[in-house]
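Here is the structure we will look at, set down as structure tokens.
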Amino acid sequence: MRLLLLLPCLLVALPGRAAGLFERREKTVERGNQAYAGQHYQEALEAYERAEQHLSGEPRIHFNRGNALFKLGRMKEAREAYLRAMGLPDVDLKKRNLFNIGNTFLHEKAYRDAIAYYRRALELDPEFDEARINLELALRALEKQKQQDKKNKDKNKDKDKNKDKDKNKDKDKDKDKDKDKDKNKDKGNQDNNERDQQQQQDQQQQDQQQQQQQDQQQQDQQQQQQQDQQQQDQQQQQQQDQQQQDRQQQQDGQQQQQSSGQPPEGDDQGNPRHLSAQQVQSLLEAARDNEKPFQLFRYSLPKYNRRQTDKDW
């Protein structure tokens, strides 16, 4: 418990006093040391940096500059300054320089590097209590860090397992969804196929009905044409028969006239009751159109007066 209570004191009580070597040589360094002692670390840093322009090869100016940077919390820059001060001739300053480098790593929780520099400081001075205490603190912090890392690693493993488990669950859900989707898709495809088949059948049936109607209409037209043709043929035949009958009757009439001693038709043109051939033809056409009996024709024929034959006996 005592060592743990020392940790914040050591972290706050960072590098010791600034080197006073230049108090007699350089007023700028002296002003920097005074500012550092008054905890005006930025002013001290500026003074050390001005002095560095003339004393860049002097390791102790880098040591002082590193202390000011450390107090300002600029650990990386402070460590670089301490590394440039590694050529310090004084063993006490050299061990403190190593100790300060270790403190920069400790402040950044780089415990392995801090432990290495604390051990180097203890090699120079095994009685260096501050380095020994911080070394023990760094070792404990490193062990705690390892345990925490292991705990985090185990936690991450569990998290990864749970994540993998969730992924597997999600995959299973996705598979189930895909299966349901495929089923619905198959069902939808089946419904679509059935609907398409039904529509195709309906269309085929409709086409068949239309074709049947067209065939029936064509057949009716053909039958009507046949009937019209038959009727026309019958009318023509009737006309021919009527004409033949008219000619036959005319011939019979002429023969009868000849046999009775009457002059043939055409020789009695002076008779006012005689019909011309054109009149006879008109009467025949009227008789055919009106389908009147042939008696009309006979009725319309002229009546000839019988000539009395002289008896010579």
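Read the figures in this text as sums done on the coordinates, not as results from a lab. What you see is a predicted model; the values in this text were computed from it and never measured. So basically every Cβ, Gly included, is an ideal-geometry build from the backbone, and we count neighbours across all protein chains shown.
Please say if the stretch 201-252 is rounded, prolate or oblate, where rounded means a/c under 1.5 for a ≥ b ≥ c the square roots of the C-alpha gyration tensor eigenvalues, and otherwise the choice is prolate for a/b larger than b/c and oblate otherwise?
On the way: a/c = 13.63, a/b = 12.76, b/c = 1.07.
Judged from the Cα gyration tensor, the stretch 201-252 comes out prolate (a/c at least 1.5, a/b above b/c).
Can you pull out the GluC sites (Glu not before Pro) in the stretch 74-162 that DSSP calls coil and that have at most 10 other Cβ atoms within 10 Å?
Numbers: sites: Glu77, Glu80, Glu108, Glu123, Glu127, Glu130, Glu136, Glu143; in loops: Glu108, Glu127.
Here the GluC sites (Glu not before Pro) that fit, given the DSSP loop and packing criteria, are Glu127.
Which of rounded, prolate or oblate describes the stretch 114-164 when judged by the alpha-carbon gyration tensor and an a/c cut-off of 1.5? Write down the numbers at each step before the final one.
Details: a/c = 8.39, a/b = 4.60, b/c = 1.83.
Here the stretch 114-164 falls in the prolate category.
Ordered by residue, what ³J(HN,Hα) values in Hz, to whole numbers, does the stretch 146-156 give under the Karplus form 6.51 cos²θ - 1.76 cosθ + 1.60, where θ = phi - 60° and Gly and Pro are x?
4, 4, 5, 5, 5, 4, 5, 5, 5, 5, 5
Size of the dipole of the stretch 111-197 about the Cα centre, Lys and Arg at +1 and Asp and Glu at -1 on the beta carbon, nothing else charged, in debye to 20? Let's see the in-between values first.
Numbers: 28 positive and 25 negative charges, 77 e Å.
Using Cβ point charges on Lys, Arg, Asp and Glu, the stretch 111-197 gives about 380 debye.
Toward the positive end of the charge dipole of the stretch 111-197, about the Cα centre and with charges on Cβ (Lys, Arg +1; Asp, Glu -1), which of Tyr111, Asn156, Leu137 goes farthest?
In the stretch 111-197, that residue is Asn156.
What is the distance, in nm, between label points placed 7 Å from the Cα along the Cα-to-Cβ direction at Lys155 and at Glu43?
Label-label distance for Lys155 and Glu43, simple model: 4.6 nm.
Which one of Gly188, Gln147, Leu124 is farthest out on the positive end of the charge dipole of the stretch 123-190, using unit charges on Cβ (Lys, Arg +1; Asp, Glu -1) and the Cα centre as origin?
The Cα lying farthest towards the positive end belongs to Gly188.
Let a ≥ b ≥ c be the square roots of the eigenvalues of the Cα gyration tensor of the stretch 70-125; is it rounded (a/c under 1.5), or, if not, prolate (a/b larger than b/c) or oblate? Let's see the in-between values first.
Details: a/c = 2.34, a/b = 1.24, b/c = 1.89.
Oblate, since a/c reaches 1.5 and b/c is not below a/b.
For the stretch 191-197, in order, what is each residue's ³J(HN,Hα) by Karplus, 6.51 cos²θ - 1.76 cosθ + 1.60 with θ = phi - 60°, in whole Hz (x at glycine and Pro)?
4, 5, 5, 4, 5, 5, 4
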